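Trainee: Have a look at this one before I ask anything.
The values are calculated or read from the model by the stated rules, or taken from the named source; none is laboratory data. On a predicted model such as this, the values are computed, not experimentally measured, just so you know. A quick note on method: Cβ atoms are made from the backbone with ideal geometry, for glycine too, and the neighbour counts reach across all protein chains shown.
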Amino acid sequence: METQTLTSPMVKPCQPIMFMICAVLVSGVLAVLFWTGAPDLATLFLSVCGITLGFWFWNKPPARIFMGDVGAHFLSLCFAMGAIEGESRAVVPFWMAILPLGAFLFDSIYTLMRRLLRRENITRAHRFHLYQRLQGFGWTPWSINGVYALFTVLFSGCSLFLQFGFVSVAYGLLGVTLFLTGVGTVCVERHFLKTEQGTR
């Protein structure tokens with residue numbers, strides 16, 4: 001049986017599928033957050049939720065079409081602009097609006113800091129995002145999508161609980177989510193080191 005390594009060309013990217021699932025969840029949560037204070041933004045994100053849900057039908061494994069970087073960057077811009085607009089209208093704090101994106105923000109920031117500490121050239125393409133390493137370990141796209149969807153739900157729950165006044169529950173859930181994120185990251189790193197040492 002042929003093994004798939006992190007650099008193997010047989011390791012197909014699952015980022016578009018994963019981002020689509022989380023985009024549906026995040027846009028739906030933002031619609032709820034803006035529902036009372038900014039109905040126009042709520043309507044916008046309900047539309048985004050419907051569009052991404054429709055696109056996901058064709059993007060789910062095995063994907064027939066892929067969104068690509070342009071679509072992912074556009075959706076990210078929509079989320080960022082919605083968070084900025086919510087802050088400017090004093091409807092939802094900026095950090096609360098971007099909290100549902102916590103799984104992606106953590107992955108991106110952690111990977112960047114890791115590469116900087118290892119003195120790697122951060123302008124070069126790589127396969128060291130957490131989801132890419134999980135894929136290199138043999139995880140299926142559905143498994144990876146499930147993990148990121150779960151953490152998106154957890155981070156989104158923190159925002160929703162805060163929005164509806166359940167502050168202690170929100171911070172408790174946030175603490176649990178960050179703990180699970182840390183434990184998961186440590187497990188990935190340890191497995192990666194064992195795999196890296198085994199290939200030497």
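Trainee: Quick check, is L178 under 29 Å from W35 (Cα atoms), at pLDDT 95 or above, aliphatic (A, V, I, L, M) and under 18 Å from the mean Cα position of the chain (by Cα)?
Mentor: It is true that L178 is under 29 Å from W35 (Cα atoms), at pLDDT 95 or above, aliphatic (A, V, I, L, M) and under 18 Å from the mean Cα position of the chain (by Cα).
Trainee: Looking at W95, W142, can you tell me which residue is of a type in the set (A, V, I, L, M, F, W, C) and within 15 Å of the chain's Cα centre (by Cα)?
Mentor: W142
Trainee: Return yes or no: is A170 part of a helix (DSSP H, G or I), without any contact (Cβ under 8 Å) to a residue 24 or more places away in the chain and of a type outside the set (V, I, T)?
Mentor: Considered against the rule, which asks whether it is part of a helix (DSSP H, G or I), without any contact (Cβ under 8 Å) to a residue 24 or more places away in the chain and of a type outside the set (V, I, T), A170 comes out as yes.
Trainee: Please verify whether Q163 is surrounded by 13 or more Cβ atoms within 10 Å (Cβ to Cβ) and within 19 Å of the chain's Cα centre (by Cα), treating the condition exactly as stated.
Mentor: no
Trainee: In this structure, is L105 hydrophobic (A, V, I, L, M, F, W, C) and over 17 Å from M20 (Cα atoms)?
Mentor: When the stated conditions are applied, L105 does not pass them.
Trainee: Further, regarding this structure: Could you list, in sequence order, all residues of segment 84-105 that are in a helix (DSSP H, G or I), closer than 17 Å to F155 by Cα and in contact (Cβ under 8 Å) with a residue 24 or more places away in the chain?
Mentor: Hits for segment 84-105 are M96, A97, L99, P100, L101, G102, A103, F104.
Trainee: Here is a further query. For segment 29-47, give me the residue count where each residue is part of a helix (DSSP H, G or I), touching a Leu at 6+ places or on another chain (Cβ under 7 Å) and in contact (Cβ under 8 Å) with a residue 24 or more places away in the chain.
Mentor: Number of matching residues: 3.
Trainee: Among L44, L30, L75, which is the only one that is surrounded by 19 or more Cβ atoms within 10 Å (Cβ to Cβ), over 19 Å from the mean Cα position of the chain (by Cα) and modelled with pLDDT of 85 or more?
Mentor: Matching residue, one of L44, L30, L75: L44.
Trainee: Hey, another quick one. Does G172 qualify as being of a type outside the set (A, V, I, L, M, F, W, C) and within 17 Å of the chain's Cα centre (by Cα)?
Mentor: So G172 does not fit the description; no.
Trainee: Condition (residue is surrounded by 19 or more Cβ atoms within 10 Å (Cβ to Cβ), touching a residue at least 40 places away in the same chain (Cβ under 8 Å), touching an Asp or Glu at 6+ places or on another chain (Cβ under 9 Å) and not small (G, A, S)) applied to segment 113-132: is it met by at least one residue?
Mentor: yes
Trainee: Let me confirm something: among G138, G102, which residue is of a type outside the set (V, I, T) and on the phi > 0 side of the Ramachandran plot?
Mentor: Exactly one of G138, G102 is of a type outside the set (V, I, T) and on the phi > 0 side of the Ramachandran plot, namely G138.
Conditions (1) of a type in the set (F, W, Y); (2) within 20 Å of L193 (Cα to Cα); (3) in a helix (DSSP H, G or I), marked per residue:
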| position | (1), (2), (3) |
| --- | --- |
| D107 | no, yes, yes |
| L112 | no, yes, yes |
| E120 | no, yes, no |
| A149 | no, no, yes |
| F161 | yes, no, yes |
